[in-house]
Each structure stands twice: as structure tokens, then as C-alpha cells.
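The values are calculated or read from the model by the stated rules, or taken from the named source; none is laboratory data. This one's a predicted model, so the numbers in the text were calculated from it and none came from an experiment. Don't worry about glycine lacking a Cβ; one is built from the backbone with ideal geometry, like all the others, and counts go over all protein chains shown.
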Amino acid sequence: MVKSSSKTPDTTAPSMAVDIGGIRMRNPVMVASGTFGYGPEYADLVDLNALGALVVKGIRIAPWDGNPTPRMVEVPGGLVNAIGLQGPGVDGFIADYLPFLRGYEVPVIVNIWGRSLDEYREVAQRLDGVPGIAGIELNISCPNVKEGGLAFGTQPDMARSVIAAVRRATRLPLIPKLSPNVSDIRVFAAIAEAEGADAISLINSYPAMVIDVRTRRPVLANRVGGLSGPAIHPIAVKLVWEAARAVKIPVVGMGGITGPQEALEFLIAGARAVAVGTANFTDPTTALRVRDGIRDYLAEQGMHDIGELIGSLAT
């Protein structure tokens, strides 16, 4: 296990450090919730300390088995999944995974979800003040859960209620994860900012269905799932650009990052950090390649700080 970085910082290299709502990150590249487990699953493949931040798989108040199988299918341009937020529950996460994560220097952000306003509040309260947790990503946008998530993420009044409730329940930096399935992302970004969010992240996956033409049945046991991967990237860039112009709080962009190119697009559009998701399944080192590619791009462009790149879109 790598407990600390022994490398001496290169003072001639461009500065990659960013601050996301009070979470200080060495570089702007995170791994997205649901694609990197809880850390131990990838620790033998990736130096966790080299990441900007690690966002763990979604946590609710109690253990949850998720959806029945099959619950994942590859499609051209991405992946459709209906995992259903399987997880150990908040106490299981704190007992079984957090001690391992505390051995690293990488900021740990816990993605939380609930099936009711009270559950969201309860999970946030349980995590508040727990050593080793840098912040909370508030999942109000998952399209795979029949109760709670989708409604909270697509109705302004519901979004306002859950963000406000969780804000009152925790002193940790709060990052609502916004749904793409809305008519105007700027409305929801502004709601998050008004209700005390420290940053926002977007986007989550799109509702999708895959049919087996031989059986004429849905491939997924849940019938529908969420589409992620390269197919959604241009849409995500557009939504990140709109959200970043609508609020002053930091934006974390995600959706279809497979290498530095896509991450750079998000940063130029106004995101202050990015998260690698589906690509972790095919190449666990994607986040590190993205980090290195951003650094090399800054150097090639003669930029000394990543802040020179963020929001630099020419219009």
C-alpha cells in the first residue's frame, strides 16, 4: 500500500492544484462514483495518491443489494448499467473501507443517496465529522433507482429541498451531482448554489434501454439503465459550459472521458476539475494518463497554472 508520495515536486512544471469547494486537490483529475469501487479494488493497479480525489461508490443509510442481474451491457460508444447503487451502507463503509482509505493522502469524497429526504439527511449527519472524509457528493441524479433519485434531480422544488436538508446536516463540503435529464441545467445549478452547495458535479448517465432482438426482451433485468461513456461526452460538455456560466461555485465535469482531450474540453468549458468514469473499467490508468496529458498541454501552451486554462473558451 502506498501511504505517501516520496517524489520531490517539480517546481518548473505547471501548477495543477485546484480547490473544489474547500477540498484542496493536487491535480484536477478525480475518479467518478460507481466506477472505482471504494478504493481497495484499484489500489494494486493505480497509485491512489496520484489522483486529485477519489469519489467512492454511492452510500445510503443501510446495506443495499442493488438490482438483479444482468445489470450491465456494452453498447457502441459506451455502457448501459443498472447496478442500482449496491453498497455496504454508511456504517459498513466507515468500518470496512474508511480505515484503508485513511492510509492514503488522496481526498476521499463520499457519494450519498437516499429514497427519502430523511434518509439523505441521516446519511449526511452520520458522515459529518468522521475523520478521513473530505466531502460529500450528493447524488440526486441517478436514473436507476425507482424511488427518490430521479425525482429529486429533475424537479426544482425537490432539488431545493434535498440540497437544503443535507446542507443543514453537515459541515463537510457539499457537491450536488446534477441530472442531465432537465430542460435547463442552469436552473438546477443556481438552486444548488443558492442552497449552500460548495460545488456541483455533472453529468450523470442518461436513461437508456437495450433490447435482445432474439428474445424481444430487455437485456437488463431492470429493463432500463443509464448510458455512460464517449457517446454522452459532447452533451456533457455543453451542459458543463452552461452550468459554469450560471454559477460562481466550482463545477466538476464528467461524461465520456477516455483521455486528455475530453478532459481538456471540460476545463476549457469552465469546469475546475474532471472525473473519469466508465473508462476506469477498460483502463484503470486512464485518470493518470489524463492528469499527465493536462500537464503536458499546459506546458506546451506556455501556461504556468491550470487556472489559465479553466474557462478559457473563445466565443
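Which one of Ala271, Ala263 is surrounded by 18 or more Cβ atoms within 10 Å (Cβ to Cβ), part of a loop (DSSP other than H, G, I, E, B) and either free of Cβ contacts under 8 Å to residues at least 40 places away in the same chain or within 15 Å of the chain's Cα centre (by Cα) (or both)?
Ala271
Looking at the structure I just gave you, is Ala32 surrounded by 20 or more Cβ atoms within 10 Å (Cβ to Cβ), under 16 Å from the mean Cα position of the chain (by Cα), modelled with pLDDT of 95 or more and farther than 20 Å from Val130 by Cβ?
Working: surrounded by 20 or more Cβ atoms within 10 Å (Cβ to Cβ): yes; under 16 Å from the mean Cα position of the chain (by Cα): yes; modelled with pLDDT of 95 or more: yes; farther than 20 Å from Val130 by Cβ: yes.
Judged against the criteria, Ala32 is a match.
Residue-by-condition table, conditions (1) surrounded by 14 or more Cβ atoms within 10 Å (Cβ to Cβ); (2) under 18 Å from the mean Cα position of the chain (by Cα); (3) aromatic (Phe, Trp, Tyr):
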| site | (1), (2), (3) |
| --- | --- |
| Ala199 | yes, yes, no |
| Ile203 | yes, yes, no |
| Ala208 | yes, no, no |
| Asp212 | no, no, no |
| Arg217 | no, no, no |
| Arg223 | no, no, no |
| Ala231 | yes, yes, no |
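Listed residues Phe266, Phe281; which is of a type in the set (A, V, I, L, M, F, W, C) and in contact with a Gly (Cβ under 6 Å, 6 or more places away or on another chain)?
Going through Phe266, Phe281 in turn, the sole match is Phe266.
Residues checked against (1) without any contact (Cβ under 8 Å) to a residue 24 or more places away in the chain; (2) among the basic types (Lys, Arg); (3) closer than 26 Å to Val224 by Cβ:
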site: Val75; (1), (2), (3): no, no, yes
site: Leu85; (1), (2), (3): no, no, yes
site: Val90; (1), (2), (3): no, no, no
site: Ala95; (1), (2), (3): yes, no, no
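For the range 148-183, which positions are outside any helix (DSSP H, G or I) and in contact (Cβ under 8 Å) with a residue 40 or more places away in the chain?
The answer is Thr170, Arg171, Leu172, Pro173, Leu174, Ile175, Lys177, Leu178, Pro180, Asn181.
Please go through the range 45-82 and pick out each residue that is closer than 15 Å to Val106 by Cα and either hydroxyl-bearing (Ser, Thr, Tyr) or not in a helix (DSSP H, G or I) (or both).
Val46, Asp47, Leu51, Gly52, Ala53, Leu54, Val55, Val56
Could you list all residues from the range 85-135 that are touching a Ser or Thr at 6+ places or on another chain (Cβ under 6 Å), more than 21 Å from Gly66 (Cβ to Cβ) and crowded, with 20+ Cβ neighbours inside 10 Å?
Once the filter is applied, which keeps residues that are touching a Ser or Thr at 6+ places or on another chain (Cβ under 6 Å), more than 21 Å from Gly66 (Cβ to Cβ) and crowded, with 20+ Cβ neighbours inside 10 Å, the range 85-135 yields only Ala124.
Could you list, in sequence order, all residues of the range 212-246 that are out of contact with any strand residue (DSSP E or B) (no Cβ under 7 Å at 6 or more places or on another chain) and assigned to a loop (DSSP other than H, G, I, E, B)?
Within the range 212-246, Val213, Arg214, Thr215, Arg216, Ala221, Asn222 meet the criteria.
I need a count of the residues in the range 97-111 that are in a strand (DSSP E or B) and in contact with a Gly (Cβ under 7 Å, 6 or more places away or on another chain).
Looking only at that region, the number is 3.
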